[in-house]
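Asks: What follows is a single structure, and I will ask about it in a moment.
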Amino acid sequence: MISARKGDLTSVHEQLTQAVDLTKGAHETLLARAVVNEMLLMPEKAIKDYQAYMHQSVTTFKDGLLLPITMLRLKLMVVESNRKANLEKIRNEALSLGKTEFREEEHLALMLVQLHINVLEEDHKGIRHKLTQLIKSYHTLGPAYTGYLLYLLHLTHNYQLFDKLYRRYEKGMKKHHDLLSICTQRWIEQLNDRRKERFASLQRVEKYISREKDTNKRSTIGIALELSRSRQLCQRSASAFINLADEIGCGDASLVELRNVIASGEKVMVYGMELTALERKEALHSLKRIKVMFNQRVAACA
């Protein structure tokens, strides 16, 4: 617990592993190590700990459907790092769970899993629809599933919504003294640190583009193109490229690259939630002009 309060995850993991061996897999210890495994980006090991916990708890039913839903969440995290994993199988498992009787928190937790599937499929419309519903009802989620919602806001680059929900989480956070709660709290704090790093990186690129666009057009359009391509669910990244390309042109970017970025950019601009309505409207007008430029280049190459 001392290591957990200090945020020393390596030490926490070592101590928990010793505790699991000594206690032959006590419930709370297994759950705490599962959370720490997830924080250390080892979802496969987290799955094994949850499976061991579920095996021990099979006759108690005290967790209802939340543990099976947690298993689906972790399987989806494995898919993120290994796209060969079977997403269709996980989707079918989620559909099967959806036919079960469940409480409100379980319903929202399952919706989070379905949202995660939408994220991996880059289904912009589905992402917006489910996020809108979840944000209205997020206060009924427990800490672990509040963390999951924040994680999905991180994946979808919804920086403002993440900030808003994290502040509410901090304000309503109760002081717990058990190991599992402390580890869960550290996990959520770690998510916030990662969000800050990613947002700071985006801001640095935006400042560079703004500073260099008039004197180094080729470099800035290339950087803006790569930014949009590498963050395909990020509305601000798409907007940065669209507005720059409309202002200075697309340079010598390949037609294939432009086609892909225009197609993904249009979806994220229509369904994304990070920009204001005015910013989205202006970006979509710019996108129309870029499409005209793109079609002219295609015609010239025909």
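Asks: Return the only residue of 101, 105 being crowded, with 16+ Cβ neighbours inside 10 Å, more than 13 Å from the chain's Cα centre (by Cα) and among the acidic types (Asp, Glu).
Replies: 105 is the lone residue from the list that is crowded, with 16+ Cβ neighbours inside 10 Å, more than 13 Å from the chain's Cα centre (by Cα) and among the acidic types (Asp, Glu).
Asks: Just to be sure, is residue 113 part of a helix (DSSP H, G or I), under 26 Å from residue 265 (Cα atoms), touching a Lys or Arg at 6+ places or on another chain (Cβ under 9 Å) and among the β-branched types (Val, Ile, Thr)?
Replies: It is true that residue 113 is part of a helix (DSSP H, G or I), under 26 Å from residue 265 (Cα atoms), touching a Lys or Arg at 6+ places or on another chain (Cβ under 9 Å) and among the β-branched types (Val, Ile, Thr).
Asks: Can you confirm whether residue 239 is more than 28 Å from residue 16 (Cβ to Cβ), open to solvent by less than 40 Å² (accessible area, probe 1.4 Å), of a type in the set (Ser, Thr, Tyr) and under 18 Å from the mean Cα position of the chain (by Cα)?
Replies: When the stated conditions are applied, residue 239 does not pass them.
Asks: Here is a further query. Just to check your reading of the model, which residue among 12, 35 is at pLDDT 85 or above, open to solvent by less than 60 Å² (accessible area, probe 1.4 Å), in a helix (DSSP H, G or I) and farther than 29 Å from residue 101 by Cβ?
Replies: 12
Asks: Here's another thing I want to ask about it. Considering each of 47, 90, 69, 2 in turn, give the residue that is surrounded by fewer than 12 Cβ atoms within 10 Å (Cβ to Cβ), among the aliphatic types (A, V, I, L, M), out of contact with any strand residue (DSSP E or B) (no Cβ under 9 Å at 6 or more places or on another chain) and modelled with pLDDT of 80 or more.
Replies: Step by step, each of 47, 90, 69, 2 is checked, and only 2 is surrounded by fewer than 12 Cβ atoms within 10 Å (Cβ to Cβ), among the aliphatic types (A, V, I, L, M), out of contact with any strand residue (DSSP E or B) (no Cβ under 9 Å at 6 or more places or on another chain) and modelled with pLDDT of 80 or more.
Asks: Now, a different point. Output yes when any residue across segment 127-141 is under 20 Å from residue 282 (Cβ atoms) and either out of contact with any helix residue (DSSP H, G or I) (no Cβ under 9 Å at 6 or more places or on another chain) or open to solvent by 70 Å² or more (accessible area, probe 1.4 Å) (or both), and no when none is.
Replies: Yes; the residues of segment 127-141 include at least one that is under 20 Å from residue 282 (Cβ atoms) and either out of contact with any helix residue (DSSP H, G or I) (no Cβ under 9 Å at 6 or more places or on another chain) or open to solvent by 70 Å² or more (accessible area, probe 1.4 Å) (or both).
Asks: Identify, from the list 238, 283, 263, 253, the residue that is closer than 20 Å to residue 222 by Cα, assigned to a helix (DSSP H, G or I), touching a Gly at 6+ places or on another chain (Cβ under 8 Å) and not basic (Lys, Arg).
Replies: 238
Asks: Here is a check on your reading of the model: is residue 277 small (Gly, Ala, Ser), out of contact with any Cys (no Cβ under 8 Å at 6 or more places or on another chain), more than 21 Å from residue 159 (Cβ to Cβ) and loosely packed, with under 12 Cβ neighbours inside 10 Å?
Replies: no
Asks: Quick check, is residue 208 open to solvent by less than 50 Å² (accessible area, probe 1.4 Å) and either over 18 Å from residue 144 (Cβ atoms) or touching a helix residue (DSSP H, G or I) at 6+ places or on another chain (Cβ under 9 Å) (or both)?
Replies: Here the answer is no, as residue 208 does not meet what is asked.
Asks: Select from segment 263-274 the residues that are of a type in the set (A, V, I, L, M, F, W, C) and free of Cβ contacts under 8 Å to residues at least 60 places away in the same chain and write down the one among them that is nearest to residue 158 (Cα to Cα).
Replies: Among those residues, the one meeting the criterion is 269.
Asks: Is it the case that residue 247 is closer than 17 Å to residue 205 by Cβ, more than 21 Å from the chain's Cα centre (by Cα) and assigned to a helix (DSSP H, G or I)?
Replies: So residue 247 passes the test.
Asks: Which condition from (1) modelled with pLDDT of 90 or more; (2) under 24 Å from residue 42 (Cβ atoms) is the one that residue 118 breaks?
Replies: Looking at each condition in turn, residue 118 falls short on (2).
Asks: Could you list all residues from segment 215-255 that are modelled with pLDDT under 90 and within 13 Å of residue 291 (Cα to Cα)?
Replies: Those that are modelled with pLDDT under 90 and within 13 Å of residue 291 (Cα to Cα): 249, 250, 255.
The values are calculated or read from the model by the stated rules, or taken from the named source; none is laboratory data. No experiment lies behind these values; they were computed from the predicted model shown. Cβ: placed from backbone, ideal geometry, glycine included. Neighbour counts: every protein chain shown. For accessibility, only protein heavy atoms count, side chains too; no ligands or nucleic acids. Shrake-Rupley method; radii C 1.70, N 1.55, O 1.52, S 1.80 Å.
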